[in-house]
Each structure stands twice: as structure tokens, then as C-alpha cells.
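Trainee: One structure is given below, represented as C-alpha cells, and several questions about it will come after.
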Amino acid sequence: MFRKKEPEVMRDLPTHVAIIMDGNGRWAKRRHLPRTAGHAAGSKTFKEIARYANKIGIKYLTVYAFSTENWKRPEEEVKNIMGILRDYLKDIDNFKDENIRLKFIGDLTRLDSDIVELIAEAEEKSKNATGTHLNIALNYGGRDEIIHAVKSMMNENIKPEDITEQVLSDHLYTAGQPDPDFIIRPSGEYRLSNFLIWQSAYAEYWFSDILWPDFKPKHFEKALESYMGRNRRFGGI
Ligand code: IPE
Ligand code: IPE
Ligand code: MG
């Protein structure tokens, strides 16, 4: 299990870690398997990493599961990803036992109604969990989220002069949560792909060529060690 090696020079664990779970398709391709096998393997990794984050005391974990742009994929692939999500949600008692608190962020209105119901159930069942707050970003897009926030503010007749960064933050899907301190993206891509674009203004980043299904707790540890050795200045000195 993860240990801080030199407590006197190491900083604290990040409060909020966000992960772009990317590389399932390439993982499958390398094994001459269909992309669906990559998503199945990626889902296993997700469960393992979420449990690990909870075990080491990460307070908030946000994972990118499906973006507003991912609808561009072939219908079969989208169906497969939604199927994996369904299975995961039906199995939610595992997570309840693990004391993980689940929340879905994104525009859930476009999802099948049975998934929307399963999500509501999962959130309700896990609401008193005191372990990791796990946000699953589903049909999530950072720009879409900001538009959604602006519309909510207008519907509430908030006056322009009353709009502050805090007020806008309070209208995002992540309202009430701290911004991510640390964003991890495996798979060798160096971009955010519309993930948490408002919240990540001062996040630290960790990129790696590892494909998501191969991402293990030891890689997570390595990433966290990198984070803990950094000096965050937030514009100060
Ligand atoms: C991430 O893996 C999963 C989703 C985006 C749903 P990809 O499916 O994007 O895998 P690559 O990038 O094609 O390898
Ligand atoms: C980002 O991965 C979205 C998720 C991991 C859910 P993509 O594979 O969709 O990102 P791009 O297309 O490479 O930017
Ligand atoms: Mg990808």
C-alpha cells in the first residue's frame, strides 16, 4: 500500500484527483481484440483504482467515463459502453459496502431512462458513505457544463453584478466540491478533451503512455508521488 517515503519533504495527498480513463480501444487493438474488450478491461481498472483511492484516503475522485463528444462513435460501441455502465450500476452494493459515495456529473437527460433510474438509486444508496466521493463524468463536457451553469443562473434571475467565480462554481455539476488538485491522463495524449475545464484552472497534471486497462495502483502511486513533490504557487511566490 502507498506510503509517503519522506514525510518531511512530501506534501499531502491531493484532496481531489481526476482521471481521464483513456486508451481502452488501443489496448484492445494491440491484443487483436474488439474495442468492447478494451472497455470491459477499462471498467475493471476503474473499479480497482476507485477502491484503491478510497483505501489510501483520497477524498474526491472524478473519472471521465463518457464525454459529450463520444456520441460520435459507432452506435454499437456507445451501446456497449452504456451496457457496461448498466452492469456496474446494478452491482452497486459492492460500492456501498466499500463506503464510496457516488455522484454522476454531466447531462444525464440524454441517457436511457433505466440508466437514469439506476443512477438515482446508486446516488441515494451511497449518500451516507463517508469514504471517497466518486464522481463519474457521464455525457460530460466542460463547455456543456458551463452553459448549463449560465442557464441556471439566468433562470434564478441572478444579477450580473452578483456573478462571481464562486457563484459560477456553485452552479456547476461539481458544486460544493473542491477543484481537482491533480489530473491524470494515461494513453499518451496530452489534452483535456473538454474535461473539467473550469475546475482545472490550477490543477497539476500527470501524463503517461500507459493505456488505461494497464493502469495499476503502482502507477497511481507513482503519479501521486510526483504530485507530492511539486510546489504549487497559485500565482504567488
Ligand atoms: C476511453 O478509451 C474510453 C472512452 C472514451 C469511453 P477510448 O475508447 O477512447 O480508447 P482509445 O483512445 O481509442 O484507445
Ligand atoms: C476522453 O477520451 C473521454 C473519456 C475518456 C471518456 P477521448 O478518447 O474521447 O478523447 P479524444 O477524442 O482522444 O480527445
Ligand atoms: Mg480515447
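The values are calculated or read from the model by the stated rules, or taken from the named source; none is laboratory data. Not measured: the values here are computed from a predicted model. Here the Cβ is made from the backbone with ideal geometry for all residues, glycine too, and neighbour counts use every protein chain on show. To get the accessible areas, we keep the full protein, side chains included, count just its heavy atoms, and leave off ligands, DNA and RNA. Shrake-Rupley method; radii C 1.70, N 1.55, O 1.52, S 1.80 Å.
Trainee: Looking at the range 180-198, which of its residues are over 12 Å from the mean Cα position of the chain (by Cα) and under 14 Å from residue 61 (Cβ atoms)?
Mentor: Selection gives 181 alone.
Trainee: For the condition of a type in the set (Phe, Trp, Tyr) and more than 13 Å from the chain's Cα centre (by Cα), what is the one hit in 60, 64, 88?
Mentor: So the residue among 60, 64, 88 that is of a type in the set (Phe, Trp, Tyr) and more than 13 Å from the chain's Cα centre (by Cα) is 88.
Trainee: Return the residue satisfying two criteria in turn: it lies in the range 194-214 and is within 16 Å of ligand 3 (Cβ to nearest atom) and touching a residue at least 60 places away in the same chain (Cβ under 8 Å), and of such residues it is most open to solvent (accessible area, probe 1.4 Å).
Mentor: 214
Trainee: Could I ask something else about it? Mind listing whichever residues of the range 95-113 are surrounded by fewer than 19 Cβ atoms within 10 Å (Cβ to Cβ) and touching a residue at least 40 places away in the same chain (Cβ under 8 Å)?
Mentor: Hits for the range 95-113 are 98, 99, 107.
Trainee: For the range 180-193, give me the residue count where each residue is in contact (Cβ under 8 Å) with a residue 24 or more places away in the chain and open to solvent by 30 Å² or more (accessible area, probe 1.4 Å).
Mentor: Total satisfying the criteria: 3.
Trainee: In this structure, is residue 156 at pLDDT 95 or above, more than 16 Å from ligand 1 (Cβ to nearest atom) and touching a helix residue (DSSP H, G or I) at 6+ places or on another chain (Cβ under 8 Å)?
Mentor: no
Trainee: Follow-up question, since we're still on this one. List every residue pair whose Cβ atoms sit under 6 Å apart, with the two residues 6 or more apart in sequence or on different chains, where the first one lies in the range 14-28 and is closer than 21 Å to residue 133 by Cα and the second, anywhere, is basic (Lys, Arg).
Mentor: Qualifying pairs under 6 Å: 15/59; 20/185.
Trainee: Determine if the range 115-129 includes at least one residue that is part of a loop (DSSP other than H, G, I, E, B), open to solvent by less than 20 Å² (accessible area, probe 1.4 Å) and under 23 Å from residue 98 (Cβ atoms).
Mentor: The answer is yes, given that some residue of the range 115-129 is part of a loop (DSSP other than H, G, I, E, B), open to solvent by less than 20 Å² (accessible area, probe 1.4 Å) and under 23 Å from residue 98 (Cβ atoms).
Trainee: Counting only residues that are in contact with a strand residue (DSSP E or B) (Cβ under 9 Å, 6 or more places away or on another chain) and within 12 Å of ligand 1 (Cβ to nearest atom), how many does the range 181-220 have?
Mentor: 11
Trainee: Of everything in the range 47-93, what is without any contact (Cβ under 8 Å) to a residue 40 or more places away in the chain, within 16 Å of ligand 3 (Cβ to nearest atom) and open to solvent by less than 20 Å² (accessible area, probe 1.4 Å)? Give them in sequence order.
Mentor: 78
Trainee: Restricting attention to the range 20-46, and to residues there that are among the β-branched types (Val, Ile, Thr) and open to solvent by less than 20 Å² (accessible area, probe 1.4 Å), which single residue is farthest from ligand 2 (Cβ to nearest atom)?
Mentor: 45
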